[in-house]
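The values are calculated or read from the model by the stated rules, or taken from the named source; none is laboratory data. In this text the structure is predicted, and so the values were computed from the model without any measurement. Cβ placement follows ideal geometry from the backbone for every residue including glycine, while neighbour counts extend to all protein chains displayed. For the accessible areas, the whole protein counts, side chains as well, though only heavy atoms, and no ligand, DNA or RNA atoms are used. Shrake-Rupley method; radii C 1.70, N 1.55, O 1.52, S 1.80 Å.
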Amino acid sequence: MSEQRWLTETAFANMRLSFEVTRVLQADHSPQQRIDLIENPLFGKVLMLDGATQVTSADEFIYHEMMAHVPILAHGAVRDVLIVGGGDCGLAEEVLKHAGITRVMQVEIDAQVVEFARSHFAEFNAAAFADPRFTIEIADGADFVGTTDQRFDVILVDSTDPIGAGAVLFTKNFYAGLRRCLRPGGIVVTQSGVPFVQRDEFTTAIRNLARVFPVAECYVLATPSYAGGHMALGWGSLDRDPCDPPLEILAERASTLATRYYTSEVHRAAFALPRYILDAKIAAIAADR
Ligand code: SAM
């Protein structure tokens, strides 16, 4: 009888999540990080970087739809989008569903992640690679936002957790760089961890967002492969309250969008935080005052 194999996520200090492995597609090191790509009967292909789950073919739509459509539909007139990180390019696919968007630039540090995501996750990223509005620059996202003259309406930080190359993407300096690249009325959304199991990651992200942006909020989503409860996405803006616009306008803007998780009601409800997350957010911001 063949031995059943498991790939174990090692991202959390006190918890382990294991995926049954039916096939190993890649087990490798890029210059930046360890890369594991396996197949699982429930999740399809599962990508881990440095032992942290990044994306699975079965549930990627949840995180990508919520990261893309919430700020884009709230803004209502987005033309230029910057993605920082986002190596698997599933987020770009969601962003490019918006016909009014003229340019999506992605700044990703690891060319190897992009290359094998292109070979192995074509089911959700082929449309992005075929779209002339989409470009990728291989660079450190923090360097880019600290130096570029380009400006964007929405910036999405689809980062790894704050270890290795991803650590800089949770700092106050990086968020200040995002602010300088944002047009008036612009919105930043950041991967801010799973508050129950990554409380420090969540509070650091929210505290640093609040140090830089007058409007610093967060919203939540539930993705099976990011275990440990709700995942939080940070929201930073100079002037955009996440309670705007009214639900009817969101619904009208979303009326032609094909989604599997996002609805205008889910959009609005995502900002209603469970009490333990709300308390952690308030404490993170209050610590500076
Ligand atoms: N959705 C995933 C999650 O929440 O776990 C993240 C997916 S995406 C694969 C994360 C990407 O961020 C990786 O491809 C990684 O190479 C990239 N990344 C990490 N640090 C970076 C940096 N400093 N600049 C640009 N990209 C970075």
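Quick notes on this structure:
- Neighbours by Cβ (under 8 Å, 6+ apart or cross-chain): first from region 38-63, over 17 Å from residue 89 (Cα atoms); second part of a helix (DSSP H, G or I) and near the ligand (Cβ under 8 Å from one of its atoms): 50/164
- Only one entry in 199, 183 is over 16 Å from the mean Cα position of the chain (by Cα), open to solvent by 30 Å² or more (accessible area, probe 1.4 Å) and over 16 Å from residue 285 (Cα atoms), namely 183.
- Search result, residues across region 202-241 that are crowded, with 20+ Cβ neighbours inside 10 Å, hydrophobic (A, V, I, L, M, F, W, C) and either outside the structural domain of residue 64 (by TED's automatic domain parsing) or under 16 Å from the mean Cα position of the chain (by Cα) (or both): 202, 205, 206, 209, 218, 220, 231, 232, 233, 235
- Residue in region 160-176 that is open to solvent by less than 60 Å² (accessible area, probe 1.4 Å), of a type in the set (Val, Ile, Thr) and not in a loop (DSSP other than H, G, I, E, B) present: yes
- If you go through region 92-119 and keep only what is closer than 19 Å to residue 145 by Cα and either open to solvent by less than 10 Å² (accessible area, probe 1.4 Å) or out of contact with any helix residue (DSSP H, G or I) (no Cβ under 8 Å at 6 or more places or on another chain) (or both), you end up with 92, 103, 104, 105, 106, 107, 110, 111.
- Residue match in region 11-25 (condition: within 12 Å of the ligand (Cβ to nearest atom) and touching a Leu at 6+ places or on another chain (Cβ under 9 Å)): yes
- Total residues in region 41-82 satisfying the condition of being outside any loop (DSSP other than H, G, I, E, B), under 30 Å from residue 255 (Cβ atoms) and more than 9 Å from the ligand (Cβ to nearest atom): the figure is 17.
- Counting only helices (runs of 4 or more DSSP H) wholly contained in region 194-289, the ones carrying 2 or more residues that are in contact with a Lys or Arg (Cβ under 9 Å, 6 or more places away or on another chain) occupy 199-212, 247-253, 275-286.
- Looking across region 242-270, the residues that are under 21 Å from the mean Cα position of the chain (by Cα) and open to solvent by 40 Å² or more (accessible area, probe 1.4 Å) come down to 243, 258, 259, 260, 261, 263, 265, 266, 268, 269.
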